[in-house]
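The values are calculated or read from the model by the stated rules, or taken from the named source; none is laboratory data. Predicted model, so just to flag it, every value in this text is computed and none were measured. Please note: Cβ atoms are built from the backbone with ideal geometry, for glycine as well, and neighbour counts cover all protein chains shown. Just so you know, the surface numbers come from the protein's heavy atoms only, side chains and all, with ligands and any DNA or RNA stripped out. Shrake-Rupley method; radii C 1.70, N 1.55, O 1.52, S 1.80 Å.
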Amino acid sequence: MAAGIPEQTIVELGAGSEWRFELEADENIAIRVLSPDPVFINSCELPPTTWYPLYRHLKSSLYASKPARIEVSPTFPASQYTSTSTTQHQLLNLHLALERVRILAKRASNDGVSGVRGPRVMILGPPSSGKSTVVKNLVNLALGTGMGWTPGVVGLDPSSPTNLIPGTLSLSTPALPLPTHHLAQPLGSPPTSIPSNTLSADVPTVGWWLGGLEPTNRNAEVWKVLVSAMAQKWRDRCEKDKLAMTSGLFVDTSSAFANPLLGTKKDDPKARYTLVAQAIEAFEIDTILVIGHEKLHIDLSRLPAIQSRNLNIIRIAKSGGVVDLDETYRETAHSFMVRTYFYGEPSLTKEMTGLVGKMVGMDGGLNPYSFQIGWETLVVLRVGEENAAPSSALPLGSSRTLSPTKLTRVDPSGPAHVVRLLNTVLAIVAVSSEDRIIPEKHALKAEADAQVKAEAEEAEDGQGEDGGRVEAELVEEEDMEEVPYREEIGTREVLGFIVITGIDPQKKKYTVLSPSPGKLPSTVAIAGSIEWVDSA
C-alpha cells in the first residue's frame, strides 16, 4: 500500500455476534457501518455511513443483531476478534422488564396516583466484571425507546467515575444515548463552557468529593454522609419532576461493595455489607443485579435489609468480552480522565481527518487557565478523622471524640504539606456567610489571650503600634490553624476542580490549573488523595 494512504479493513458480523477490540497506546481508529441494518456500541446505534472515532486504550465491542459490514480505518487493531457469545440478549430482556415498570408507573402518574416510581436498579460485582458497561447499556436502551425517559444515573465508583474525575461520586440525568469514544466519562460528559454537538452527550451532572479511589473502613462515615446527600438530591428532583420519578434510577457501584466487611464497625462486628444496605435504603432500590459472583448473590439474598424490603436480586452472566484490568491500565485511565476534564476530548488524528466521508461531530478542545493565588486566599481543607493526629499522640489515659466529617486546615508553610499538596486535585465548594463560625476557644487559651490584650492596652501609650502589630500577628497565626467554616461544607456538592501545579514558599503562592479563566467561584477547596501530573 502506498505511503500516506490509510489502511481500510472490512469486518463481517453475523447475526447476534460481537466484534471485540482492545486498542493499544498507539492505536486510534475510526469505524463506519456499510450495511443497512444497525450496529450498536454499548446499545447506542452507530450513525450509518459515518466515521465514528475510537481512541487509544479503549476496550469495547460492537454488536449486530442482523448481518452487518463494518469498515475500520486508518489502521486495524492488533487485538480484536469476533464472538457469538454475547450477553446482549439477557440485557435486552432486563430492559424490557424495566421498561414495563416505567410505562406502568407513567400511566399511574398520569391518572393522578401519587408515589409511583420507575425501577431503581443497583449493579454489583467484583473488579473487572463490567458493571459500568451494564449500566451504560441499560441507560442507552432506555434512552433509545423514544419515550423521552430521563433516568437518573448514580456513580458510586470513585475509581471509575461515570461523569467527572477520579475520587468523585456523581448524579446525572442523561436525555440522549451516550456515545463511546474514549476512556473518560463513560456515562456522558458534564456540560462545558463551549457549544457542543448532540452526540457529545453533555449531561447535567452534580458531583460530591470523596477524595479517594474507593470506600474504606476509614472513610466509611464520610461515605455515608455523601450517599445520604446524593439520595436527598434525587428525592428533591423527583418531587419536582414526575418524568424523572417514572424514568427510574441506575446505581453503578464500587467493586469494594463485594467485600462483606466493608464499613463494619467494632461495636457491631457481625454486620455485613453495611454500605450496600445503606445505599439500598437511601435510594430506595427495588432491583439488584449481581454480575458473575455467585457467593455475593447468595449473601445479599440473606441480608436482613434486603429480605425486609422484598427486593428482586438477579444474577447475570459476566460477558466474555470483559478484560481484566491491571493497575497500570487503571492509572493510565485515571490520568486520562483528569486531563479530559481540563482539556476536553482528544482531537482527531491526522490520519482520521484524511478519511473520505462524513465524520461524527466531536466537541472541541478546552483551554484551561493557569494562575497564581496566595496561601491566605485559597483555604485548603481535608475531611475526615484520619487527617487528624493519631490517638497515640495524646497524653496517657486521655481520649477524644472527633466527628467523622471533621475539617482540618492544611498549612502549606510546613515542608511535609508542600510535598502533599503539589499536583493535588482540589474540589471547590461553595460557602456563604452562614457557613462561617467563630472557633471555640479553650479556657486556658482564652485566659492567655485576655492577659496579652490587657498588657497590650497598658503599653498602648508608649508602643501602641508595636503592640497592635504583635496582636495582629498572633491572630493571623491562630487563624491559619483554625477552620473558620462549618463541617457541612466538606460534604456538599462541588462547584468544580482545580490542580495545584506549583508551590512558591517564598512568595507564599500556589500555581493552580483551572478549567476556565476568570475568578474562582469559591476560595475554599477540599483536598484528597487524588494527584495528577500532565504527562501528555
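Structure values in brief
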| item | result |
| --- | --- |
| Selected residue (only one of Lys350, Lys358, Lys318, Lys295 is open to solvent by 30 Å² or more (accessible area, probe 1.4 Å) and farther than 30 Å from Glu45 by Cα) | Lys295 |
| Residue match in segment 376-385 (condition: modelled with pLDDT under 65, open to solvent by less than 70 Å² (accessible area, probe 1.4 Å) and of a type in the set (A, V, I, L, M, F, W, C)) | no |
| Options Arg20, Arg56, Arg69: the member that is open to solvent by 50 Å² or more (accessible area, probe 1.4 Å) and either in a strand (DSSP E or B) or over 21 Å from Thr353 (Cβ atoms) (or both) | Arg69 |
| Condition met for Ser370 (crowded, with 19+ Cβ neighbours inside 10 Å, touching a Ser or Thr at 6+ places or on another chain (Cβ under 9 Å) and of a type in the set (S, T, N, Q)) | no |
| Residue pairs meeting the criteria (Cβ under 9 Å; at least 6 apart or on separate chains; first under 14 Å from Tyr63 (Cα atoms) and open to solvent by 60 Å² or more (accessible area, probe 1.4 Å), in segment 77-97; second among the hydrophobic types (A, V, I, L, M, F, W, C) and assigned to a helix (DSSP H, G or I)) | Leu92/Leu141 |
| Whichever residue in segment 221-242 is among the charged types (D, E, K, R) and over 23 Å from Gly115 (Cβ atoms) and, among such residues, is least open to solvent (accessible area, probe 1.4 Å) | Lys224 |
| Breaking point among (1) modelled with pLDDT under 95; (2) of a type outside the set (A, V, I, L, M, F, W, C); (3) farther than 20 Å from Asn137 by Cβ, for Lys233 | (1) |
| Every pair of residues 6+ apart whose Cβ atoms lie under 7 Å, when the first sits in segment 294-314 and is part of a loop (DSSP other than H, G, I, E, B) while the second is open to solvent by less than 90 Å² (accessible area, probe 1.4 Å) and not hydrophobic (A, V, I, L, M, F, W, C) | Leu303/Tyr273; Leu311/Asp286; Leu311/Thr287 |
| Any pair with Cβ under 7 angstrom, 6 or more apart, that starts in segment 243-261 at a residue that is assigned to a helix (DSSP H, G or I) and ends at one that is crowded, with 20+ Cβ neighbours inside 10 Å and aliphatic (A, V, I, L, M) | Thr246/Ala105; Ala256/Leu262; Phe257/Leu124; Phe257/Leu275; Phe257/Val276; Ala258/Leu124; Ala258/Leu296 |
| Selection count, segment 268-323, where residues are of a type in the set (A, V, I, L, M, F, W, C) and in contact with a Gly (Cβ under 7 Å, 6 or more places away or on another chain) | 5 |
| Close pairs (7 angstrom Cβ cut-off, 6 or more residues apart or separate chains): within 24 Å of Lys242 (Cα to Cα) in segment 109-128, at pLDDT below 95 and of a type in the set (Val, Ile, Thr) anywhere | Ser109/Val116 |
| Residues of segment 140-186 satisfying the condition of being open to solvent by less than 10 Å² (accessible area, probe 1.4 Å) and in a strand (DSSP E or B) | Gly152, Val153, Val154, Gly155, Leu156, Thr168, Leu169, Ser170, Ser172 |
| Residue in segment 188-198 that is touching a Ser or Thr at 6+ places or on another chain (Cβ under 8 Å) and aliphatic (A, V, I, L, M) present | no |
